[in-house]
Each structure stands twice: as structure tokens, then as C-alpha cells.
1. State log₁₀ I(q)/I(0) for the chain at q = 0.08, 0.11, 0.12 Å⁻¹ as given by the Debye formula over alpha-carbon point scatterers of equal weight, solvent excluded.
2. Could you sort 374-384, 232-242, 161-171 so that the peptide with the highest average Cβ count within 10 Å comes first and the rest follow in order?
3. Mind checking the full-extension length gain between Ser428 and Ile178? Use 0.36 nm per residue of separation minus the Cα-Cα distance, one decimal, nm.
4. What residues have an amide H closer than 5 Å to that of Thr139, excluding those fewer than 5 places away on the same chain, when H is modeled at 1.01 Å from N in the peptide plane?
5. Any of Lys319/Lys418; Lys155/Lys284; Lys322/Lys453; Lys284/Lys355 with alpha carbons more than 24 Å apart? Name them for me.
6. Please state the charge dipole magnitude for the chain, taken about the Cα centre, from unit charges on C-beta atoms (+1 on K and R, -1 on D and E), reported in debye and rounded to the nearest 20.
7. Hey, can you grab everything whose amide H is under 5 Å from the amide H of Ser73? Only 5+ residues off in sequence or another chain; H modelled, so Pro and N-termini drop out.
8. Shape verdict for the stretch 2-131, please, from the Cα gyration tensor: rounded (a/c under 1.5), prolate (a/b greater than b/c) or oblate.
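No value in this document is a laboratory result; all are computed from the given coordinates. Since this is a predicted model, take the numbers as computed values, not measurements. Note: ideal-geometry Cβ built from the backbone for every residue, glycine included; neighbour counts use all protein chains shown.
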Amino acid sequence: MNGLVWLRSDIRIDDNPALSFADSECDSIICIYLHAKKEWSDHNNANVKLEFILQNIVDLSKNLDKFNIQLCSTELDSFEVIPEFIIKLCKENNINKCYWNNEFGVDENIRDKNVIKALNEHKIEFQNFDDQVVFQPGTILTGQGKPFSVFTPFKKKWIESFSMDHFDIENKLTKKTIQSDLSFGDISFTRSHQVNMELWPAGEEAALQRLSSFLEEKVSNYSKDRNHPIIDGTSRLSPYLAIGAISSRRCLLEALKLNKFELSTGNKGITKWIDELIWREFYKNIMHSFPRVSMNQPFNLATKKIPWRFKHNEFEAWKLGKTGFPLIDAAMYQLINEGWMHNRLRMVVAMFFTKNLLHDWRLGEAYFMNNLIDGDFASNNGGWQWSASTGTDAAPYFRIFNPVTQSQNFDPEGKFIKQHLSQLKPLSTKDIHLPPSEKLFDIDYPNPIVDLKTSRLRAIEVFKNNK
Ligand SMILES: Cc1cc2nc3c(=O)[nH]c(=O)nc-3n(C[C@H](O)[C@H](O)[C@H](O)COP(=O)(O)OP(=O)(O)OC[C@H]3O[C@@H](n4cnc5c(N)ncnc54)[C@H](O)[C@@H]3O)c2cc1C
């Protein structure tokens, strides 16, 4: 039998159910990765994320070659033309069955329905699998059969429902017979970012290596270190999870092995880290069960009419790291230089954007997606809506992070700030969090673009009036 494995957010061999199932059924396999230009841009995906995907495809292709499995990638105009492309590919290569792992986005669902329709019309078999989560979105439900909209009860139900049966993880392939050589137009790529890609070595080996060194060296201090951006205390696995160079089940399984298979007891660092993997799954459930969040709507519809402001110069200052608040600016430089931002800082800059600047969270959400190597719609949308107090578990609107206090608490000596804003190195530990203007006399650094006190009160007033 000849199989076609359509790779999407699963650029790996380890724990790839579609690929391993195809391996068990087929004598020959072709893998395909399709880049749809329209949706890539409509979904605001980042140039740096595309470069990372391309590098991971090269790596996977070499690994698949060892099993005589050819991985071809090409670009198409849009999702719309995928059914026709797949049918043609199947006909020309005598493919009997197609395999893929599910994605949960609204547009992706429509795309897959259209592909299924075309496969049915041409009597080509297909089988799809779940690889992104432990529980398929929409299966962890309240006692009344409704989706959860708050994390803690979701997590409780998730833990109650968990069993090790969810971990039939495969990572072995068998040698296949060679198919005729396929070739398509390449995915075009022009670099328009300035991220140092050495920070993100490509490939599943690199991802698995990152997981094991995090678990060996850092996870036990995770609950203590995770909020301090100068400490490299988190896994930095998000780019690999976002494109599927590693699976979250692999991450969970290795963490559980280290914690004697305890999910919520045992080592505090490990259980805290497992919580974060469950957060990731929670937001995928929100995206699945509340499609409005994918359609530019707030989760909490009562916040639909918030009169957001827009000031071009403030938006630009925020994007370019020129707000005059060192922690915010250093964080935005981290995003520009690394394509990634520490979680604490994502919350601080998003809250500053939506509360102190009172700018629409959708603008910040899109800017993040446009620049993040780990851009993931569900987590990004969830994080932005949380910060804007429009989402699930939303921060109450009157509890607004003060970026100066956050800086004093989480970067007390200003080491992170100085790492990204070297012109501030001469400032003392006291001044670094909000440089007095007289100390900026010969330093190229702006004065604050807003007054924290009045802008905070303005946001509270706007939210209060919306009630
Ligand atoms: C405004 C905002 C935007 C965000 N945008 C994204 C995004 O586009 N892509 C993304 O992967 N994460 C996003 N996050 C969540 C989080 O900031 C990142 O997942 C985390 O910083 C990645 O670093 P890490 O891999 O070292 O995480 P670790 O602390 O090592 O956590 C392990 C994994 O758990 C998941 N995770 C951790 N924290 C969260 C969280 N709060 N919500 C959901 N999943 C989580 C990630 O997959 C992460 O790789 C966002 C958070 C906020 C507040």
C-alpha cells in the first residue's frame, strides 16, 4: 500500500501518530508539507517562524531519507487549492491512503473538511489523529457537558481524567520501498527579521536535547526561577512545540518519569511545569469550544464595547522599545532580537499596552504573532485576552501591573534591562527601573510616554463605565 502523510504542525518522527500509523500500514510513504501563503499572512504568522519551519523541514527530511521516505514541501496560494493539489498528488503516485494529525483552528477545520470531501469523492481512504494534546479539545467538559471557561476546574478535571493509557508514544519507523522522485516549487523565503537563529537550533534532536537538559538542570527550580527573566529558568521549548518539532505528550511523559508518575504531587518545579503544559491545552480547548475568539471577538462579550484608544506614536514607541519604561522596552528588544519573550514580560507588556495605553488587545496580539518564533494562536490569544481582562480567567480590570514595581520585583538589579538596553548600564539599581530625567542627560533613552497613575485610573474608569 502507498501512503501520503500530510505534515502540518508536526514536523517530527517522535510521537507522530499519523506517520507511525502510516508506517505500520504502508509499503511506501511520501510526506508533504504545504505552505499556504494567504492563510500564513492572514493569520499574521512571523517571518522568523517560517524560517524555523524551513530549517526543521530540512532536518526532518534528512532523517526520513534514512527510511526511504521522501519529504517534499511546496507553497500554494491558499487553503482553497489544497484539495485539488492533494488529489492530483494521490492520483499521480498511486496513493491509497492519506494520513494527518489534526489542527484545531477554524480555517484549518474548514480546509480539512474540504480535503475530506475531495478524498471521499475520489474514493481515497484517509485517517486523522490527535497529536497536539493529551485530550482532544471538547472532551474535557463540566458535569453539565459544557466546556470549561476557567483554568483551575479544567485542570482538576484534566487530572482526574488522566491515565497512562494516553502515552502509546511511537518513535520508530521501518524502511520503505522507494517511490519515484517528486519535486515541486520551493517555499519562497526572504528574511525580514533580525533574530539570532543560533538561539534556536533546528530539528527534533535539538528539541529532545533541550527537553532533557531542562529536566536535568532546571526543572527542580522552575517554580522559583520562572518569573525572573534574567534567569534562563524556563524550557524555551515553545518554538518547538508551536511547529511540532516536539510533542507536548513527550514533554509530559519525560516530566512524569522524573516525578515518579505523579501529576500534581511530588517535585514542585515539575508539577508547576506540567501546569503550564495544561494551560497550553486549556487555550486549545477555548479556541475549539468558543470559535468567536478566532474571529476577533473577545471571549467575554461584555467587553465588546470597550472604547479602546489609538495613538500612532504610542503604538510605535511600544513596538520599538521606546516607551521610557526600561522593563517594557527591554522586553520588546528581547522579542526583536530573540523572536521570543519571557512569559512574565509578555504579561507585563500586554497589560501596559491594553491598560496604560488603553490600546486594543487585537493590535498587540497581531504584533506578537507577527514577531514570535513560537506564535501559537490559542496561547497568544489567551494571553492577550487575559492581560486585557476580556478573556477567560481574566485579570480583574482594576488589578493593573505596574511596570516599575514588576521591574523591581522580577529584575531587582536591572540585569535583564541592562542586557537589552546597554545604554542604561551606567544607571544605579535604584534608578534603573524608572530613570529620573536628569540622569538621562547624556543617555539616549526616552522619557516615559505615559503617566502611570493617570493612565491606570483612565483604564479603570473605562472598564467601570462599560459594566
Ligand atoms: C500576551 C501573551 C502572549 C503569549 N503568546 C504565546 C504564543 O504565541 N505561543 C506560545 O507558545 N505561548 C504564548 N504565551 C504563553 C507563554 O508566555 C509561553 O508559552 C512561554 O513564555 C514559552 O516559554 P517556555 O517554552 O520557556 O515555557 P515554559 O515555562 O518552559 O513552559 C513549557 C510550555 O508550556 C506552555 N506554556 C507555558 N506558559 C503558558 C501559558 N501561559 N499559556 C499557554 N501555554 C503555556 C508552552 O507551550 C511552553 O513551551 C503567551 C503569553 C502571554 C501572556
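1. Debye intensities relative to I(0), on a log10 scale: -0.51, -0.94, -1.11.
2. The peptides rank, most packed first, as 374-384, 232-242, 161-171.
3. The span from Ser428 to Ile178 would gain 83.5 nm if fully extended.
4. none
5. Checking Cα-Cα distances, Lys284/Lys355 exceed 24 Å.
6. Values: 57 positive and 59 negative charges, 374 e Å.
So the magnitude is around 1800 debye.
7. It is Tyr33, by chain and number.
8. On the way: a/c = 1.61, a/b = 1.10, b/c = 1.47.
Oblate, because a/c is 1.5 or more while a/b does not exceed b/c.
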